[in-house]
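The values are calculated or read from the model by the stated rules, or taken from the named source; none is laboratory data. Keep in mind that this is a model prediction, so the values were computed, not measured. Here Cβ is always computed from backbone atoms with ideal geometry, including for glycine, and neighbour counts include all displayed protein chains.
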Amino acid sequence: MTSQEEDDLLEKAAERFGTPCFVYFTERIEQRIALLRENFGERLELSYAVKANPNPTLLAWLSGAIDRLDISSAGELRLAREAGWNPALLSFTGPGKREVEIGEAIRAGVGHLVLESLREARLADRIARRAAQVQPVLLRISPESLPKGFGDQMAGRPTPFGIDIEDADEAIAEIQSLSGLHLAGFHIYAGTQCLKAEAIAETYRHILAIFGTLCSTHGLVPEVLVMGSGLGVPYHEGDTALDLPSIATSLRRELAVLRENPRFARTQMVLELGRYLVSEAGYLVTRVISTKVSRGKRIAICDGGMNNHLPASGHFGMVVRRNYRMHRIGKAAESPPEPLDVVGPLCTSIDRLASGIELPRIEEGDLLAVHNSGAYGLTASPVHFISHPLPEEILVMAGTLLRATRVLGRASSPDDPVRVIDAAHPVAANQNA
């Protein structure tokens with residue numbers, strides 16, 4: 001699909017469903033999945049971290065396109081199940097699992113409970129034994145170091161995630177002694193948002209070495225080993241897209257060496273991904289409500305802002321705020337770029353989507369598309385601040401607009417689930433809104 005065709009669909013989405021709205025192009029996700037399959041082949045299964053974008057219609061669409069889901073709450077477990085996912089294909093990570101959530105996951109038949117502490121191991125063991133079950137688990141390991149280049153890295157410092165590698169031997173021994181649990185393998189995810197291929201390749205080598213040492217030391221023939229990918233996306237002007245083929249070349253060599261050890265001949269290797277799958281497939285579409293000049297700066301005030309897209313406002317882990325890429329929809333660039341501040345509708349000075357961004361002349365009524373909005377957009381944002389209505393979410397599938405708005409909230413119990421898919425009204429690409 002060309003950029004002009006995408007813009008036509010973004011404009012139709014705004015006309016049909018109003019603004020602000022999120023639009024996700026499934027074709028882009030398909031292309032990303034194909035790129036991963038092409039480079040890694042059958043050597044790795046793909047697992048999608050639901051926290052990146054838990055839209056239920058998107059989760060339903062991903063069923064069959066990828067191999068597994070990673071969930072981080074009972075709410076995400078329910079979303080996945082309502083979207084048609086087999087619980088056996090889910091892993092459950094997160095450092096703050098409550099006892100009721102662990103119980104719900106075990107009763108649902110979650111494929112792997114990812115243990116982040118011995119507290120979780122003991123709780124899960126007790127719950128599984130009471131239910132006369134044996135729960136497969138993965139132990140999350142926190143490495144002692146990672147190479148430089150990750151936007152956020154959790155290795156080598158105090159962290160709520162996983163068991164420190166220094167304490168792993170004692171923890172593994174205890175977990176192996178718990179009759180309600182079956183230690184099926186390990187999980188390592190210690191860094192995010194890296195655009196340096198050599199740093200990611202070195203990280204994967206390090207992770208595989210840790211897996212090899214722990215399995216050998218404890219006589220474990222692992223069924224599953226999960227590597228957090230850390231694969232980054234180019235959010236900002238000047239960012240260079242990741243060189244996936246060079247990473248894959250290095251990882252294929254390392255996996256071949258690992259497979260030479262009979263201990264790992266049947267092990268299923270899993271690559272966990274979030275933003276790398278869906279971020280670049282999505283846009284936040286917002287309309288300019290008004291423009292003004294204040295102390296020499298031109299400002300566009302939009303109907304969407306920090307309440308819809310906290311990361312784009314720079315308040316989601318950024319140390320130095322940088323503009324997300326964005327463009328004006330539906331007009332030729334008949335005027336030269338000029339600096340512009342883009343803000344949202346909230347009564348706070350931190351509701352800012354861009355500072356000094358260069359765009360063609362922006363006027364009241366224009367539509368702006370904020371790039372890289374397919375991950376950590378709506379559900380990473382303070383959506384209830386000042387009580388603006390929730391934006392619509394739309395999937396574009398084969399040139400058709402599919403309304404995919406969720407109902408935020410959670411079920412009061414597993415037997416009384418929230419109805420998460422509000423509606424699905426297709427609008428053909430060539431249909432007038």
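Here are a few things to note about the model shown:
- Residue count, segment 9-25 (criterion: among the hydroxyl-bearing types (Ser, Thr, Tyr) and touching a Pro at 6+ places or on another chain (Cβ under 9 Å)): 1
- For segment 96-104, the criterion of being under 22 Å from GLN268 (Cα atoms), not in a strand (DSSP E or B) and not polar (S, T, N, Q) is met by none of the residues.
- From ALA105, ALA121, residue being of a type outside the set (D, E, K, R), within 17 Å of PHE161 (Cβ to Cβ) and buried (at least 17 other Cβ atoms within 10 Å of the Cβ): ALA121
- Filter result for the condition that a residue is of a type in the set (Val, Ile, Thr), at negative phi and at pLDDT 95 or above, over VAL221, VAL233: VAL221
- Selection of segment 328-340 for residues being surrounded by fewer than 18 Cβ atoms within 10 Å (Cβ to Cβ), without any contact (Cβ under 8 Å) to a residue 60 or more places away in the chain and of a type outside the set (S, T, N, Q) yields LYS331, ALA332, ALA333, GLU334, PRO336, PRO337, GLU338, PRO339.
- Single match in GLU120, GLU116, GLU99, GLU104 (criterion: touching a residue at least 60 places away in the same chain (Cβ under 8 Å), assigned by TED's automatic domain parsing to the domain that holds ALA168 and not hydrophobic (A, V, I, L, M, F, W, C)): GLU104
- For segment 124-133, a tally of residues being more than 27 Å from ILE207 (Cβ to Cβ), in contact (Cβ under 8 Å) with a residue 12 or more places away in the chain and either touching an Asp or Glu at 6+ places or on another chain (Cβ under 7 Å) or of a type in the set (A, V, I, L, M, F, W, C) (or both) returns 3.
- For segment 202-257, filtering for residues that are under 24 Å from the mean Cα position of the chain (by Cα) and acidic (Asp, Glu) leaves 4.
- Flag for HIS371 being farther than 22 Å from SER294 by Cα, buried (at least 18 other Cβ atoms within 10 Å of the Cβ) and modelled with pLDDT of 90 or more: yes
- Scanning segment 240-282 for residues that are in a helix (DSSP H, G or I), small (Gly, Ala, Ser) and at pLDDT below 95 yields a count of 4.
- Residue in segment 79-95 that is surrounded by the most Cβ atoms within 10 Å (Cβ to Cβ), counting only those that are part of a loop (DSSP other than H, G, I, E, B) and not hydrophobic (A, V, I, L, M, F, W, C): THR93
- Qualifying residue in segment 139-147 (condition: modelled with pLDDT under 95, in a helix (DSSP H, G or I) and closer than 30 Å to GLU198 by Cβ): no
- Total residues in segment 172-201, condition within 24 Å of the chain's Cα centre (by Cα) and assigned to a helix (DSSP H, G or I): 5
- Of all residues in segment 208-258, those being within 30 Å of TYR324 (Cβ to Cβ) and surrounded by fewer than 16 Cβ atoms within 10 Å (Cβ to Cβ) number 9.
- Per this entry, GLU76 is not counted among residues that are over 24 Å from HIS187 (Cβ atoms) and of a type in the set (D, E, K, R).
- Pair list, Cβ < 9 Å and 6+ apart or interchain, from segment 173-200 residues that are within 18 Å of ARG275 (Cβ to Cβ) to residues that are assigned to a loop (DSSP other than H, G, I, E, B) and β-branched (Val, Ile, Thr): TYR189/THR93; ALA190/THR159; GLN193/VAL233; LEU195/VAL233; LEU195/THR240
- Residue-level analysis places ARG78 outside the set of residues that are in contact (Cβ under 8 Å) with a residue 60 or more places away in the chain, touching a strand residue (DSSP E or B) at 6+ places or on another chain (Cβ under 6 Å) and of a type in the set (Lys, Arg).
- Take the conditions (1) in a loop (DSSP other than H, G, I, E, B); (2) under 30 Å from ARG16 (Cβ atoms); (3) among the polar types (S, T, N, Q); THR286 misses just one of them, which is (1).
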